[in-house]
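The values are calculated or read from the model by the stated rules, or taken from the named source; none is laboratory data. Keep in mind it's a predicted model, so treat the numbers as computed, not measured. Cβ: placed from backbone, ideal geometry, glycine included. Neighbour counts: every protein chain shown. In case anyone asks, the SASA skips ligands and DNA or RNA and just uses the protein heavy atoms, side chains included. Shrake-Rupley method; radii C 1.70, N 1.55, O 1.52, S 1.80 Å.
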Amino acid sequence: MSDHDYDLFVIGAGSGGVRAARLAAQLGKRVGIAEEYRVGGTCVIRGCVPKKLLVYGSRYGAEIEDAKAFGWSYDNLAFDWSTLIHNVQREVDRLNGVYTRTLENNGVDRFLTRATVEGPHSVRLADREEAVSAEYILVATGSAPAFPSIPGAEHFISSNECFKFEALPQSIVILGAGYIGMEFASIFAGLGVEVTVVHRGEQILRGFDKDLCDTVAEALRDRGVDLRMCTNITSVEKDGDGYRVALTDGDCLHASKVMAATGRTPNTKGLGLEAVGVELGNNGKVIVDAYSRTAVDSIYAVGDVTDRANLTPVAIREGTAFVETVFEDRPKAMDYGFIPTAVFTEPEIGTVGLTEEEARENHAIDVYKTSFRPMRATISGRGEQVFMKLIVDVETDKVLGLHMVGPDAAEIVQMAAIPLRLGATKADFDATMALHPSMAEEFVTLRQKWEPPTPIKGSDAAA
Ligand code: NDP
């Protein structure tokens, strides 16, 4: 046992930090953890969990409409935001309690205050005189919303504030078309808010397979979301009860709320890391090696603060790998291959592996894709479409990428991530028996290679 107060001191009680603290404590290590906001971190308190609950809430309106064709009827359909947000907050409080008790039950000392790094083994806590010492320090402080520097930027809210709305806004302008922008556009549209998305690029969700982006963009437009591409916000001004939003294309929007969903910045400001020799990247991220170790041997970092793959399950795995490496003498380098991910729009995206565009860079590929109406829509009459796509390496027959837009895409793709990791071939998919009737069966019955349309002679000039 070292002379330090703790074997491990964790800064930040989010997904990565709590996992590392609990596992180290279960190994008999003396562990302390500091959190300046609420135990649970972004995912639990103001991210994935409350967001997914809002997604559920936003889908019922259309589903209740669909139910009519299945014989259901009702009177007085109405939506009450305060009921939804109250119930979401109650669940967040419950989870906050679960996380807190997990730490308590495992003997982790909790400090609900800001912590900063003072030395390779020293942490200063804002609410006490004495610094605490630890053999290892784990920085797991996550990230915070980034805002563009434009006149009136102080009027932007981030997704954080959406969980505190007392009333649903009548209209909202969202800047940015990444995960958060698209998910909140979809949530608000489902709840009847007028939504405009302003995006500097040509298409939403940069980095995703283009077919997925096109499918979701079309579906969002059909649901009334005004997607303004190739433009940006130049200024935001207060205008009566709402805001006046000026765009680079000269247009001007008015909305009750203006939200920035323009990425997140690693939380390292004022943490004291550089002063003790920890190297930071341009955007403030902590630079770590494959074992999450910083430039200082006793200081490690996991999760969004390292800006690797900024997803909750990744932070949890990084926290686990850190404990195995440092306290179990089993060095564990992270593997970032085949991370499945979802965008919880309506319809939702599930995706794993390479996009068609990425695959074409280094492989000769075959593409299989299909698009169809889900069975329930044949009765409900809703104009929804499912889209599925497989990217196959011509040389090895391995499935390099699997993509879907449609109901339960996240659930389906989570399971599909397993065969992709195992190196499944298209022949393995074809040999797998279909489960009928389901949507997922299409992934094992795709036979027809997709051929790009042959250009019609002379059409270039006309285009
Ligand atoms: P993203 O990086 O996904 O998207 C940011 C968006 O803002 C992009 O459209 C980007 O445009 C645009 N943008 C960035 N800077 C500016 C600027 N200065 N002016 C105008 N537009 C700008 O970030 P998000 O905020 O949506 O999400 C943050 C992270 O949270 C994600 O990367 C993801 O890791 C995580 N997350 C995951 C979820 C999930 O798994 N379902 C859900 C929510 C969040 P461009 O494309 O041109 O760069």
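So the values come out like this:
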{"item": "Whether the range 101-147 is rounded, prolate or oblate, judged on the alpha carbon gyration tensor where a/c under 1.5 counts as rounded", "result": "oblate"}
{"item": "Global geometry of the range 256-347, whether rounded, prolate or oblate, following the gyration tensor of its Cα atoms and the 1.5 cut on a/c", "result": "oblate"}
{"item": "Convex hull volume of the range 129-247 per residue (C-alpha atoms, cubic angstrom)", "result": "176 Å³"}
{"item": "Between the range 1-70 and the range 297-335, the alpha-carbon center distance in angstrom", "result": "16 Å"}
{"item": "Neighbour-limited loop hits for chymotrypsin sites (Phe, Trp or Tyr not before Pro), the range 359-463 (at most 16 other Cβ within 10 Å; DSSP other than H, G, I, E, B)", "result": "TRP450"}
{"item": "Cβ-Cβ FRET estimate between GLU118 and ASN87, R0 fixed at 25 Å, reported to 0.05", "result": "0.05"}
{"item": "Between 0 and 90°, nearest 10: helix 81-105 axis offset from the chain longest Cα axis", "result": "40 degrees"}
{"item": "Accessible-area composition of the range 1-66, carbon plus sulfur, in percent [1.4 Å probe]", "result": "49 percent"}
{"item": "Residue range of the chain that is longest and free of GluC sites (Glu not before Pro) which are both DSSP loop and sparsely packed (at most 10 other C-beta within 10 Å)", "result": "203-394"}
{"item": "Rounded percent of accessible protein surface that carbon and sulfur make up, the range 272-331, 1.4 Å probe", "result": "44 percent"}
{"item": "Acute angle (nearest 10 degrees) that the helix 179-190 long axis makes with the longest principal axis of the chain, alpha-carbon atoms", "result": "60 degrees"}
{"item": "Average accessible surface area per residue within the chain, 1.4 Å rolling probe, Å²", "result": "49 Å²"}
{"item": "Alpha-carbon Rg with Dmax, taken over the chain, Å", "result": "24.3, 80"}
{"item": "J(HN,Hα) series, the range 357-363, from Karplus relation 6.51 cos²θ - 1.76 cosθ + 1.60, nearest Hz, glycine and proline x", "result": "5, 5, 4, 5, 5, 10, 9"}
{"item": "Given LYS389/LYS449; LYS29/LYS269; LYS29/LYS332, the pairs whose alpha carbons are separated by over 21 Å", "result": "LYS29/LYS269"}
{"item": "Reach of LYS52 by Cα under 22 Å, taken over lysines that are not fewer than 8 positions away in the same chain", "result": "LYS164, LYS257"}
{"item": "Share of carbon and sulfur in the accessible heavy-atom surface of the range 87-216 [1.4 Å probe, %]", "result": "46 percent"}
{"item": "Coil-residue trypsin sites (Lys or Arg not before Pro) of the range 110-179, DSSP, other Cβ within 10 Å capped at 12", "result": "ARG128, LYS164"}
{"item": "Point-charge dipole on Cβ atoms (K/R +1, D/E -1) for the range 310-463, about Cα centre, debye to 20", "result": "420 debye"}
{"item": "Antiparallel %, DSSP beta bridges [both residues in the chain], to 5", "result": "60 percent"}
{"item": "Relative contact order for the range 259-410, counting Cα pairs under 8 Å that sit 6 or more residues apart, in percent", "result": "15 percent"}
{"item": "Test item: Cα-centred dipole of the chain, Lys/Arg +1 and Asp/Glu -1 on Cβ, debye", "result": "420 debye"}
{"item": "Within the chain, helix-based [θ] at 222 nm, where runs of 4 or more DSSP H residues each add -39,500 (n - 2.57), nearest 500", "result": "-9500 deg cm²/dmol"}
{"item": "Projected area, mean over directions - the range 46-185, Cα convex hull, nm²", "result": "13.8 nm²"}
{"item": "Rounded to 10°, Cα long-axis angle of helix 48-69 versus longest principal axis of the chain", "result": "20 degrees"}
{"item": "Top positive-direction residue, dipole computed over the range 119-191 with Cβ charges, set ALA144, ALA167, TYR179", "result": "TYR179"}
{"item": "Mean separation of Cα contacts under 8 Å (6+ apart) over length of the chain, as relative contact order %", "result": "15 percent"}
{"item": "Rounded, prolate or oblate (a/c below 1.5 giving rounded, otherwise prolate when a/b exceeds b/c) for the range 54-95 by Cα gyration tensor", "result": "prolate"}
{"item": "Test item: Cα-centred dipole of the range 1-144, Lys/Arg +1 and Asp/Glu -1 on Cβ, debye", "result": "300 debye"}
